[in-house]
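Have a look at the structure below, then the notes.
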Amino acid sequence: MNQPRSSPRSRPRTPLPVRLAAPLVLLAAAGPALAQGARENQPQRSERALEARTQRDWNAGLRFFGEYVFKTDLDDDQGKVSVARGGGVLEVDAPIGDRSRLSFTLATEYSSYSFDDAQGFAQGFEEPWGDVFEHSLSAIFTTQPSDRWSYILGGGIRASYEQGASFDDSLTGQGIAGFNYKFSDTFNAGLGVVVRSQIEDDVSVFPLILFDWRISEKWRFNGKAGGPGVVLSYQATDSLSFSLEGDYQTRTFRLSDDGPAPDGVGSDERLQLALGADWKVAEQVRLRGRIGANLYERYNLLDRNGVQITDREADPTPFVGLELRFDF
């Protein structure tokens, strides 16, 4: 087992290949919001009228999702781990005037970590943590002062904790600001910045790269909605599309007081590659499936002061996911 480091702010260090790959997939969840503010101008007057009416409407969506990461070995034969995850997201989008919108997102997620004989995290414990809950509320304001420029400003609060941990000690906040420029009817891009507080760590500040490229009538390459990632998609028919997706995910949460790190911090980071299919079942109902692999997976255990106790990498492993969405 790795020993705690002497630095009072010691954190596990991500391997160089992942650190190099992460900025490439840090394409913000705010990207679609900015892209919405830079919609293409339609040549027909009737289409312009339809788009203007849509911009003035309230929109809402409700998503339910689930994912299962198959059991895999931890490094140095220090046990096995699998993850079952599920949750829901409510999104509400309201117009403000003719060129601005305000969006709210309320999300909840439950993750069940199943560790088998994972004694490498702490002596006398077969698992570093168990079930983890995450709840978040965010708001994003977008405005389009001209046909080419759009801007975004937003923030949110998140609670992420193991079952039995202190809710108050699991709270973190985030702010985001950015801009987007429409270079043509098929390409827009921009930059942003995120400021985020962390559990038992310093505030982090990192840049965001925003883009949306309509390669052709059927092909599209853009930042992924909902988190850092990129998507290459193909619209096969009006109701069916396929995608190749890359994700970099990280989750950090407060631990309970009865585990190997009482009131400490756990984190789970992974690099995913997946194939997806999206089916428009009905006018307001969509079903989406994903199958892929975690190319990189790492679990970190820290004490209540943020000092690393140990960390373990896991072997690459497949996963499957399913999502059902209702639009209103």
- Of the conditions (1) of a type in the set (A, V, I, L, M, F, W, C); (2) crowded, with 20+ Cβ neighbours inside 10 Å; (3) farther than 21 Å from Gly86 by Cβ, Phe328 fails just one. Which one is it? (2)
- Task: With the checklist (1) farther than 23 Å from Arg214 by Cα; (2) in contact with a helix residue (DSSP H, G or I) (Cβ under 7 Å, 6 or more places away or on another chain) in hand, flag the one item Asp327 doesn't pass.
- Result: (2)
- Inside segment 184-216, can you point out the residues that are touching a residue at least 40 places away in the same chain (Cβ under 8 Å), part of a loop (DSSP other than H, G, I, E, B) and buried (at least 16 other Cβ atoms within 10 Å of the Cβ)? Ile199, Glu200
- Considering residues of segment 61-80 that are modelled with pLDDT of 95 or more and of a type in the set (A, V, I, L, M) only, the residue surrounded by the most Cβ atoms within 10 Å (Cβ to Cβ): Val69
- Message: Would you confirm whether or not segment 285-301 contains a residue that is surrounded by fewer than 18 Cβ atoms within 10 Å (Cβ to Cβ), in contact (Cβ under 8 Å) with a residue 40 or more places away in the chain, in a strand (DSSP E or B) and of a type in the set (A, V, I, L, M, F, W, C)?
- Response: yes
- Only one of these conditions is not met by Gly259: (1) in a loop (DSSP other than H, G, I, E, B); (2) small (Gly, Ala, Ser); (3) loosely packed, with under 15 Cβ neighbours inside 10 Å. Which number is it? (3)
- Look at Arg196 and say whether it is closer than 20 Å to Ala139 by Cα and charged (D, E, K, R). yes
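The values are calculated or read from the model by the stated rules, or taken from the named source; none is laboratory data. Bear in mind the structure is a predicted one, so any value in this text is a computation, not a measurement. Here the Cβ is made from the backbone with ideal geometry for all residues, glycine too, and neighbour counts use every protein chain on show.
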